[in-house]
Amino acid sequence: MAYKSESITEEIFILHYHGEKFEKFFKKENKGSSNETVKKLLSTASKRGTGNLGFPEFILTDLLSPENVIVIECKKDKKFHKCEDEKHAKAVTDYAVDGAIHYGAALSANFNVIAIGISGTNPTDLLVSHYYFKKGDAEPKELDGYSQLRSPEDYSQVFRQDEEIIAKHEEELAIFARDLHKKLHADAKLGEKEKPLFVSAVLIALQSSMFRSGYKGAESGLELAENLYSSVESVFAGIQITEDKRRAIMQPYGFLKTRTEFTAAVNGAGEVNTLLKDLIYLIHENVIPHIKTMPSFDILGNFYGEFLRYTGGDKQGLGIVLTPRHITNLMAELAGVNKNSTVLDICGGTLGFLIAAKILMIADAAGDVEKINEIKTKQLIGIEQQPEMYALATANLFLRGVNSNNFYLGNCFTLEEEIKKHKPNTGIINPPYSLEGYEERELKFVKYMMDQLEENGTGVAIVPIACAVGSDSLIVQERQALLDNHTLEAVISLPDETFNDVGIVACIMVFTAKKKHSEDYETWFGYWKNDGFEKVKHLGRVDRRGVWPDIKKKWLSDFRNRRVIPGQSVKKVVTAGDEWCAEAYMETDYSTMLKKEDFIEQMRKFSIFKALSADEGVEEGE
C-alpha cells in the first residue's frame, strides 16, 4: 500500500529521469538493486528497524564511477517531507528526507551518496531536499541551493567536485602519465611539443564512435595513423570555427601521419608494428573514464605538466608554467566568479583558469539550461600565441563542451578590439615568466589584462614574488602604472614550492579595474604558506591528508572579510616603491610559533654543537 500511496510522486521523478536523459549518466533501479555490495549494506536497513532488508524508492548508480550512488525517497503529502521532531519514533518510515538519509547512511560505508527526499504531487510545486555523504561519513551535509530536481550533470558535479575523489583520480592519472611518457619518449620518439598533442589527438578521436569502435581492427599502422588524423580533422570540421582557425589547429597535428614509429609495417624487433594501436588502447582505457568524472580537472594540462616533470623542465616544450589545479581553482574563487562573470585569460596556456571558472559559473547557474549554454558560448574568453598550445587548448575546450569561437590565436597585445567587444568583467592570468626584455615582463601582461576589463571588474594574477618586492626602476614603474589606473586589493604570498618543478616563488595579486588606487587605501596582505600539500615521489605535491578544502575555506573567508590575524595577514597602505608582501609588514604570532618543546630541542642541538666544537678545539668567535 505504501508504494501506491507514493506512486504519483514516484511517477513525477520517473518522468524527470527520462526527460533529462539520466540514462546516459545513471542506471536506475526501483525498490531493489543488482549490486551485491548495495544489497549487503541494505540487508538490515529496513526503515521499520526490524533488521530486515530495506530499499529506497529508487537507487541511481553512476555509470562512469559506480562508487557514486543516489538514493531517493518519495512522499505524496508535503507535510511528510521532513520530520522536525528528533524524538519521533517513526520519522524514518513516515518522512521522505529522513528515509533518504537513513538509506544514505547505510550505503555511505562503501559509497559516495546523494540522498534526495521528494514530496508533493504537483511537478511545479514539489518539496525537494538533497544531502551528501562522502564515503565513510556518519552524517551528511545538506547541499545548498539544491531545492528542486536537477539535471544528471548537476548531480554528477556534486561527486566530481569532491576534493578527495578528485585527488584519487589525479593520483591515478599521474601514475599513468609517468608510464605513458616513457613509451612516448622511448618507443614513439616523440618530442616535448608532440607528446601532449598526441594525447589530445587520441582523446578527440575517441569521441567519434566510428573511430572508437574501429581502431582495434586497423590493418596497419599507416592506416591507423591516417584515420587518427582524419578523425581529429573531422571532429574540428563539425564545430563552428573559422577555416583559418581550423587550419591553425590542425597544422601541429601533422606529425601523426608521418611518424615512422607509427606507420612502419614492422618494429625494430622485426615484429608486426602495433605501437600506435597499443598507445591508443592505453589512453582509451586509462584516460577516457576521467574525462566526465573530473570536469574541473585540466586533464590535458595535467599530462603536459607531468611530461615536463620527467624531462627536467620546459627546455624544449611549449613554454608554459602550469598553475597547479588547486591554485587555479583558488584564484577563480578569489576573483568572485559567478554565473554573470565574463572571464578573460590573455595567456591561455591549456586554459585551466577558464575550466575552473566554468565549473563555478555553471554551479552558480543552478540548473538554468539557458544560462549554462550562454556561459559555454559567450562568457569564457581566451588568447594563446603559440600554435601548438592553441591546438592543445582548443582540444581541451572541445572535450569540455565549450565553444572555441571566443578563443583567439595571436599576440594578446594586438587583440584589444576583439577582447573589448566581449566586455569581460573578470580576468585571471598566469603570464609568461622570466622572459627577457621590458616588452614581455610579467606586470606588463597584468596591466594589459586589467585595462581590458570593465570598470569595477576584478583581475587576479599569479606572478613571481620579484614583481611584488623587486626594487629596480622598471618594476617600480610597472607597479606605479597599475596603481595609477587600478586598485590593489590584495597580495597573497604562496607556498615556496607552488611551482616546485621550476623553482619559482610566487604570489597572487588581486586588483579592481579602472579605479585609481587611493593614497590612503589599505591593501590586504595574506601569508598563505601552508596549503597542506606534501611532496610525494612521482606524484609531485599532493594533499595526502585531505586538509586542503578546510584550509581553502578559511583562506577565502579571511580574504573576503579582510581579517587581520597575527602571523597570517595584515592591512597596509603601500606605494609602488614599497614591498607588496605580507612578510614585510606582518606581526609575528609568537604564541603559535614558539613552543616549549621547540625551545628544548634547539637547546639540545646547541649543547651537542658546543660539545663537538670543544672536542675539535674550535675557538669561540671563529
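How charged is the neighbourhood of Lys216? Take every other residue with its Cβ under 13 Å from the Cβ of Lys216, and add Lys/Arg as +1 and Asp/Glu as -1.
Cβ neighbours under 13 Å give a net charge of -2.
Find, to one decimal place in angstroms, the Kirkwood hydrodynamic radius of region 2-160, where the mean of 1/r is taken over every pair of different Cα atoms and then inverted.
15.4
Give me Glu84, Glu223, Glu153 ranked fewest to most by other Cβ atoms within 10 Å of their Cβ, as a rough exposure proxy.
Glu84, Glu223, Glu153
Which loop GluC sites (Glu not before Pro) in region 476-548, with loop taken from DSSP, have no more than 11 other Cβ atoms within 10 angstrom of their Cβ?
Loop-located and lightly packed - Glu519.
Sort the following peptides by mean Cβ neighbour count (other Cβ atoms within 10 Å, averaged over residues), highest first: 351-362, 255-266.
351-362, 255-266
Using Cα-only point scatterers and the Debye equation, what is log10 of I(q)/I(0) for region 496-569 at each q in 0.25 Å⁻¹, rounded to two decimals?
Here log10 of I(q) over I(0) equals -1.26.
By count of other Cβ within 10 Å, fewest leading, how are Trp555, Trp528 ordered?
Ranking Trp555, Trp528 by Cβ neighbours within 10 Å, fewest first, gives Trp555, Trp528.
Take region 87-138, compute every pairwise Cα distance, and split them into 5 Å bins from 0; I just need the percent in each bin.
In order of increasing distance, the bins hold 5, 22, 23, 19, 17, 9, 4, 0 percent.
Just the number, please: percent antiparallel of the DSSP beta bridges in region 2-160, rounded to the nearest 5.
The antiparallel fraction comes to roughly 70 percent.
Can you give the calculated 222 nm mean residue ellipticity of the chain, where each DSSP H run of n ≥ 4 adds -39,500 (n - 2.57) and the sum is split over every residue, rounded to the nearest 500 deg cm²/dmol?
-12500 deg cm²/dmol
Tell me, Kirkwood radius of region 335-401 from alpha-carbon pair distances, in Å? Provide the component values of the computation, followed by the final result.
Details: mean 1/r = 0.0828 Å⁻¹.
Mean inverse Cα-Cα distance, inverted, gives 12.1 Å.
Can you sort Asp364, Asp550 so the residue with the fewest Cβ neighbours within 10 Å comes first?
Neighbour counts put them in this order, fewest first: Asp550, Asp364.
Going through the DSSP H helices of the chain, which span 27 Å or more along their own axis at the Cα atoms while scoring at least -1.0 as a mean Kyte-Doolittle hydropathy? Each step should come with its number before you reach the end.
Values: long enough: 163-186 (34 Å, -0.50); 596-615 (29 Å, -0.43).
The qualifying helices are 163-186, 596-615.
Whole number please: convex hull volume per residue of the Cα set in region 352-448, in Å³?
105
Tell me, what does the Kirkwood hydrodynamic radius of region 173-268 come to in angstroms if you use every pair of distinct C-alpha atoms?
14.2
Just want the answer: with Cβ charges of +1 for Lys and Arg and -1 for Asp and Glu, which residue in Gln251, Val542, Leu143 is farthest toward the dipole's positive end in the chain?
About the Cα centre, the residue reaching furthest to the positive side is Leu143.
Just to check, using Stokes-Einstein with a Kirkwood Rh over alpha carbon pairs, what's the diffusion coefficient of the chain at 20 °C and 1.002 mPa s in µm²/s? It would help to have the intermediate numbers written out before the result.
Details: Rh = 27.3 Å.
The estimated diffusion coefficient comes to 79 µm²/s.
Under 17 Å Cα-Cα from Lys420, which lysines qualify once same-chain neighbours fewer than 8 residues away are excluded?
Correct list for Lys420: Lys378, Lys447, Lys514.
In whole angstrom, and with the biggest value first, how far do the Cα coordinates of region 437-555 range along each principal axis?
44, 33, 24 Å, listed from the longest principal axis down.
Taken together, the values in this text are just the output of simple stated rules run on the coordinates, not laboratory data. Source: prediction; values computed, not measured. Glycine also receives a Cβ, built like all others from the backbone with ideal geometry; neighbour counts cover every protein chain displayed.
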